[in-house]
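To keep things clear, I will list the structure first and then write my remarks on it.
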């Protein structure tokens with residue numbers, strides 16, 4: 001689930017409890033890095049001593065998102081603050097499940113798929129509350145249908161942010177941390193490993209990865225033909241890991257991913273500007289994420305071209 005680094009010198013017999021490191025930290029939402037992960041790691045120190053599993057931590061998250069969505073339907077500022085608190089707890093637990101999985105040595109493809117499904121369900125439940133709130137508290141001069149359309153555009157661009165972030169993050173983690181474009185090989189092994197006995201989560205995991213390959217590599221994944229980036233291309237990328245262009249890529253994703261989107265939504269609720277936030281994401285946000293995705297596609301294609309003599 002999460003790339004990790006030790007947070008403290010622990011005895012050899014104790015599990016390593018760690019947060020994001022390397023490129024995972026570079027592209028992480030700043031709120032996660034500086035606030036949620038420190039709290040989550042403190043929680044994991046106690047959770048690791050219990051029978052609680054990472055999947056259980058993942059599956060409880062939608063319950064807090066549902067509470068947040070429900071509180072938004074009340075339409076009172078005190079209830080809105082409660083919604084912020086509930087969803088923040090969900091987000092902290094979202095930071096905790098990966099670290100708990102590594103500490104307990106329970107990381108698995110099924111766990112990754114469960115985590116992803118819990119994330120998506122949590123966003124949907126929060127947005128059901130946002131839909132309800134703006135249906136009954138439509139700003140002056142705006143029709144209810146227009147308000148629902150704006151919220152829908154904001155939600156769709158948020159989904160694109162999350163989907164694209166996961167794809168490009170995994171791509172860059174392989175290249176910059178292990179010097180190999182491992183995403184196609186991982187997908188190939190998962191596709192070839194599917195059988196009638198595979199879990200539904202394994203099928204969902206493959207479906208998500210296939211969709212990412214199609215959208216961002218502009219190719220339907222074929223396990224017999226699709227190939228990773230060449231060793232030469234990977235070498236040229238790693239040689240320029242500290243270049244301004246590459247640093248810009250990391251910075252862009254830190255403020256453009258799905259977690260960053262949710263952080264801004266929660267902030268808009270906290271300061272009483274939910275409608276303004278939705279309008280921003282439905283307009284500027286849509287243009288922004290399409291621009292970031294196109295920039296990343298062009299960035300990778302630049303290295304796919306043969307090096308100049």
(Q) What's the number of the only condition in (1) crowded, with 18+ Cβ neighbours inside 10 Å; (2) outside any helix (DSSP H, G or I) that residue 196 fails to meet? (A) (1)
Q. Based on what the data block shows, is residue 126 modelled with pLDDT of 95 or more and touching a helix residue (DSSP H, G or I) at 6+ places or on another chain (Cβ under 9 Å)?
A. yes
Q.
So, in region 34-61, how many residues would count as being in a helix (DSSP H, G or I) and either touching a strand residue (DSSP E or B) at 6+ places or on another chain (Cβ under 7 Å) or surrounded by fewer than 19 Cβ atoms within 10 Å (Cβ to Cβ) (or both)?
A. 13
Q | Flag if residue 98 is within 21 Å of residue 258 (Cβ to Cβ), at pLDDT 90 or above and buried (at least 19 other Cβ atoms within 10 Å of the Cβ) | A | no
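Here are 177, 182: which of them is within 13 Å of residue 228 (Cβ to Cβ) and in contact with a helix residue (DSSP H, G or I) (Cβ under 8 Å, 6 or more places away or on another chain)?
Values: 177 fails: within 13 Å of residue 228 (Cβ to Cβ).
Answer to the selection: 182.
Identify, please: which residue in region 10-32 is touching a residue at least 60 places away in the same chain (Cβ under 8 Å) and assigned to a helix (DSSP H, G or I) and is, among those, farthest from the chain's Cα centre (by Cα)?
Start the filter on region 10-32 by keeping residues that are touching a residue at least 60 places away in the same chain (Cβ under 8 Å), which leaves 15-19, 22-24, 26-32.
If we keep only those that are assigned to a helix (DSSP H, G or I) as well, we get 22-24, 26, 30-32.
On the way: 22: 16, 23: 14, 24: 11, 26: 14, 30: 13, 31: 13, 32: 11 Å.
By that ranking, first place goes to 22.
The values are calculated or read from the model by the stated rules, or taken from the named source; none is laboratory data. These numbers were taken from a predicted model, which means no experiment stands behind them. Because the Cβ atoms are built from the backbone with ideal geometry, glycine has one as well, and the counts that use them run over all protein chains shown.
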